[in-house]
1. What are the residues in the range 286-300 that are more than 16 Å from A421 (Cα to Cα) and not in a helix (DSSP H, G or I), if any?
2. Given (1) of a type in the set (S, T, N, Q); (2) farther than 23 Å from M374 by Cα; (3) modelled with pLDDT under 95, where does Q266 come up short, assuming only one miss?
3. Just checking, which of R23, R6 is modelled with pLDDT under 90 and touching a strand residue (DSSP E or B) at 6+ places or on another chain (Cβ under 6 Å)?
4. Filter the strands (runs of 3 or more DSSP E) completely within the range 36-139 down to those with at least 3 residues that are out of contact with any Lys or Arg (no Cβ under 8 Å at 6 or more places or on another chain).
5. Which of the residues that make up the range 300-327 are within 15 Å of the ligand (Cβ to nearest atom) and within 29 Å of L245 (Cβ to Cβ)?
6. It is to be established whether one or more residues within the range 352-373 are polar (S, T, N, Q), open to solvent by 50 Å² or more (accessible area, probe 1.4 Å) and either in the same structural domain as R300 (by TED's automatic domain parsing) or over 14 Å from G270 (Cβ atoms) (or both).
7. Could you look through the range 359-384, keep only residues that are within 8 Å of the ligand (Cβ to nearest atom) and among the small types (G, A, S), and pick out the one that is farthest from A302 (Cα to Cα)?
8. When you check L267 against the structure, is it away from the ligand (no atom under 13 Å from the Cβ), outside any helix (DSSP H, G or I) and within 27 Å of A32 (Cβ to Cβ), yes or no?
Amino acid sequence: MARKSRKLVVVSNRGPYRHEATRGHERWVRAAGGLVTALDPVLQKRGGVWVSAKPAKDFDSVTVPAPHLAYDLGHVSLKRAEQRGFYEGISNAVVWPLLHGFEPTIQVGEAPWSSYVNANQEFADTTLSTSGASDLIWVQDYHLMLVPGMLRAKRPKARIGWFCHIPWPPPDTFGILPWREEILEGLLGADILGFHLPEYAEHFRQCVERFTPYRVSRGAVQHRGRKVKTIAAPIGIPVDDLQALAIDPDVGQEVERIRQTMGNRQLILGVDRLDYTKGIPERLAAFERLLRREKIARTRYALIQVMVPSRTDVKAYADLKEEIDRMVGDINGRYADTGRVPIHYLYRNLSQRALFAHYRAADVALVTPLRDGMNLVAHEYAAARTDEDGVLVLSEFAGAAKHLKGAILVNPYDVESTTNAIHRALTMKSSEKRKRMRSMRGEVMRLDVHRWADGYLAALEGR
Ligand code: ADQ
């Protein structure tokens, strides 16, 4: 079968696992975040190689049992200074905010662009030495936008894909980047460029038309005698595995424990990487308004906010952490009674089991990013609710909103209407909840991550 014979080589900045062995004590950790959630099950199923940066000791991670890895790990070693410039300086302080449309947050000029170029070259070199001419190479995300071009220069006939896990903005925003032409040129080294939504792909093509001499027609760019296709490929989650986890009896016991601990109040849940794109302060403000407005809210409702520490070395993230700490303290100080606080705030990773127990225990999930490529927490919540209970309040600015029509959609900048949406979710009739959840679950199954990968890789192989 031609399909199985081509080895898959995934290339991303952050890899899936790190193994530690200190004084006879072994520990495996798995990286937190959407990219690993999505791609690990794909590689576990297909096999192949995952090339990534050698993980730093302090990366955002969850301790996991030793995995049975069905694929190989390849590592790129970057010098500390180069890693800082490339990862913190350019990728996270400039490219991430800009592609999310947060222009005022970008900090151009603090790190040299050469660190991004050099790091991308290291990734390209390791990929070339780890792969063969007929392998499928699938580069991931905004850290590695020059890698497709660097691979193409050495291997003109290779099949190279790139996938964008975050939004792609219109040309007026993208055009702010001082290195816009180089980035587009780098990406156009690929055969297939994938985006979550048609509108992100459309924005990308508009950027090509504005900032390069290449012609765009019918979803493809004519690049130096080759055709580069742009496609919308909305990502999903490994639905079968996660549904099995959701109905595991241990998870069921944990659900009971959470409910009892929370005094059988109705539970509202937020789960995020700590990031300013996720709209956490706005969400806290909406919950505060509910507490202020409805006297009974204090005794009846509780918010559990779980946040994974993320990018703690970038200033904007440290500032946000302080702001959230202060808000949670203020709200709890004002509305708590002895033995009962309105916001339970966990600043750490949960194991997948604990996370799914929280999804099952939550009457309402709040997924209210200010901008998000897709958002897999929304998918996970629906997958966990095999009981067809629970309501999702979802930002219209998450890619997931284009798919999960059973959610209550909100504009997270509009605090008042978010408060109303939370209230509506908490008081919704069971029959309406069931109807909405059923529709979302159908869509989450349709967007299963294995289908996503099969569809993308079929396009990459030209099938
Ligand atoms: P992220 O910004 O990381 O991903 P998201 O898609 O929501 O966002 O994925 C987060 C993942 O981390 C989920 O699988 C969630 O379960 C996990 N997680 C979050 N908080 C956790 C906690 N406290 N403990 C344990 N696990 C936790 C990027 C883009 C998204 C896009 C994905 C995939 O920003 O828009 O959906 O890539 O393409």
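The values are calculated or read from the model by the stated rules, or taken from the named source; none is laboratory data. Keep in mind the model is a prediction, meaning the values are calculated, not measured. Cβ atoms come from the backbone with ideal geometry, glycine included; neighbour counts cover every protein chain shown. What goes into the accessible areas is simple: the full protein's heavy atoms, side chains included, and nothing from ligands, DNA or RNA. Shrake-Rupley method; radii C 1.70, N 1.55, O 1.52, S 1.80 Å.
1. Scanning the range 286-300 gives K295, I296.
2. Among (1) of a type in the set (S, T, N, Q); (2) farther than 23 Å from M374 by Cα; (3) modelled with pLDDT under 95, Q266 violates only (3).
3. Of the residues listed, the single one that is modelled with pLDDT under 90 and touching a strand residue (DSSP E or B) at 6+ places or on another chain (Cβ under 6 Å) is R6.
4. 72-76
5. L303, I304, Q305, V306, M307, V308, P309, S310, R311, T312, I324 - these are the residues of the range 300-327 that are within 15 Å of the ligand (Cβ to nearest atom) and within 29 Å of L245 (Cβ to Cβ).
6. yes
7. Only one residue tops the list, namely G373.
8. The answer is yes for L267.
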